[in-house]
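Derivation of every value follows stated rules applied to the coordinates shown; laboratory data play no part. Everything numeric here is computed off the predicted structure, so don't read it as measured data. All Cβ positions, even for glycine, are placed from backbone atoms using ideal geometry, and neighbour counts span all protein chains on display.
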Amino acid sequence: MATRRVRFTFEGDAVKEPVIYLVGHEFDVVTNIRMADVEHDFGWVVLELDGDHDEIDRALSWVEAKGVRIDPVAGDVVES
Amino acid sequence: MTYATCLACRECGREFPLEPLHVCDFCFGPLEVAYDHDGIQSKISRERIESGPRSIWRYIDLLPADEDFIVDLNVGWTPLIKADRLAERLGMRELWIKNDTCNPSWSFKDRVVAVAASRARQMGFKTLACASTGNLANSVSAHAARAGMEAIVFIPHDLEAGKVLGSAIYNPTIVSVNGSYDDVNRLCSELADNRQWAFVNINVRPYYAEGSRTLAYEVAEQLGWRAPRQVVAPMASGSLFTKIHKGFQEFQRYGLIDETPIRMIGAQAEGCSPITTAWRNDTTNIRPVKPDTIAKSLAIGNPADGYYALKTMKRTDGGSTAVTDPEVVEGIRMLAECEGVFAETAGGVTIAGLRQAIETEQLDPDESTVAFITGGGLKTADAVVEHVTQPIPVEGTLQSFEDAFAEAPQAVGVGG
């Protein structure tokens, strides 16, 4: 089992989709929202994902394919 | 003895021990070092600081590291120069340049890495790590070498060889990640959770960030124990910007300088300006961007401290700027031609941002202002190589020289 802390950023139509619900429905991954701020055409959600390491990877790839940006909770860590 | 007492969440205030943690377990907010302010207050004085070493370690009472564990490369105490010629060019009355190109690995990153490396050593780490495209990797590699620690540096696979050299010379392990910038981000975030390595800007980030405050301490001391009325600083993650303000506030709190208002103005390149865009749209919701600018050292599309940078601007009646790549080059040239300081592209952003802040009336040209130059120009020489003075070719005879010199174009300034 693994735990991953990530930040989803939604823009445009992606805001309307129940992406986080579907992650829990389609994959063997437990989602736990910790912080969020969602407006009509933009939003971000910080959440924890629990599950098998590979299953979390599959879920995140699926989320990304939905047009949702995924980042580590600490933001970009690659600096100049 | 350090006066650091714990890590505290910047969002919910929950406290955690001084361990390699960076995110609050409850709300996932960022953690920050908290201090015993009464203890500091009872000990600190101008005289005590002035009798310390000519480096950031003169402020050790305010840093989260014990003296026995310091990794010392003589970082800091860089020049603060009065920039009268540049001030005249920009129509300003009092302008100062904090020249952090003079650090051991030629950028301000030495300040943050020195603190992170010292704390990491205190916590028992044997390895320093980072993900970087330049300055940070240089500094981590240099500090690890100095401390006798291992260094592991992660770089994107397509990084130019010249940028790798500044780290490679210190003999770290360099891992070239075959993937996108985002892939490197994710890999290193995962590794920081799984390995016994001190990733300086991930699992020991709270300590790392504290090093930036020394920029404000030095400026206040070098100005004769006073704060400037206005500050212009570059913004990548936004951490440097917020910590400079915090540094001045702390000196005010401890009575080392008077409590005068300080207007904080941030500078970004247009090709990566998520913080300035949020400022202009009057929102604290930062939309991540894909960076596209020559100012690579500021190219953080999803800035971790952007929200706090915006709050700092708001609180200080400050502002935010975004400048084009040609303006960045012009800024570098202006600083070099007027003051003899060769800055990397981030410095060009700062100077061009300073000019934009004046033009947009976000900054008062009659008030004392400090502009922070955070890295040396040879790091980004390719950005300006086609924009500088070209040699006049002559034969080795007087006549050849006279003929060529008579026809040579007059030296041309960069305008403005």
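Quick rundown of the values:
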{"read-out": "Simple label model, 7 Å out from Cα along Cβ direction - residue B:394 to residue B:150, nm", "value": "5.8 nm"}
{"read-out": "Angle in degrees between helix B:181-194 and the longest Cα principal axis of chain B, rounded to the nearest 10", "value": "30 degrees"}
{"read-out": "Chain B, helix-only ellipticity at 222 nm - DSSP H runs n ≥ 4, -39,500 (n - 2.57), divided by all residues, nearest 500", "value": "-11000 deg cm²/dmol"}
{"read-out": "Two-site FRET efficiency, residue B:223 against residue B:15, from Cβ-Cβ distance with R₀ of 35 Å, rounded to 0.05", "value": "0.50"}
{"read-out": "FRET E, pair residue A:11, residue B:364, Förster distance 60 Å, beta-carbon r, rounded to 0.05", "value": "0.95"}
{"read-out": "Whether region B:98-140 is rounded, prolate or oblate, judged on the alpha carbon gyration tensor where a/c under 1.5 counts as rounded", "value": "oblate"}
{"read-out": "B:200, A:45, A:30 arranged by Cβ crowding within 10 Å, fewest neighbours leading", "value": "A:30, A:45, B:200"}
{"read-out": "Helix-only mean residue ellipticity at 222 nm for chain A, each DSSP H run of n ≥ 4 adding -39500 (n - 2.57), per residue, nearest 500", "value": "-8000 deg cm²/dmol"}
{"read-out": "For chain B, built as a Gaussian network whose Cα springs stay under 10 Å, the top-fluctuating residue of B:233, B:336, B:406", "value": "B:406"}
{"read-out": "Cα-projected label distance for residue A:53 with residue A:37, points at 7 Å along beta-carbon direction, nm", "value": "3.4 nm"}
{"read-out": "Shape of region B:124-203, Cα gyration tensor, a/c cut at 1.5", "value": "oblate"}
{"read-out": "Three-way shape call for chain A based on the alpha-carbon gyration tensor, with the a/c threshold at 1.5", "value": "oblate"}
{"read-out": "Crossing angle, helix B:325-339 versus chain B [Cα axis fit, 0-90 degrees, rounded to tens]", "value": "80 degrees"}
{"read-out": "25 °C / 0.890 mPa s Stokes-Einstein diffusion coefficient of the protein assembly as shown, Kirkwood radius on C-alpha pairs, µm²/s", "value": "104 µm²/s"}
{"read-out": "Pairwise FRET efficiency - residue B:403 versus residue B:93, Cβ, R0 = 51 Å, nearest 0.05", "value": "0.70"}
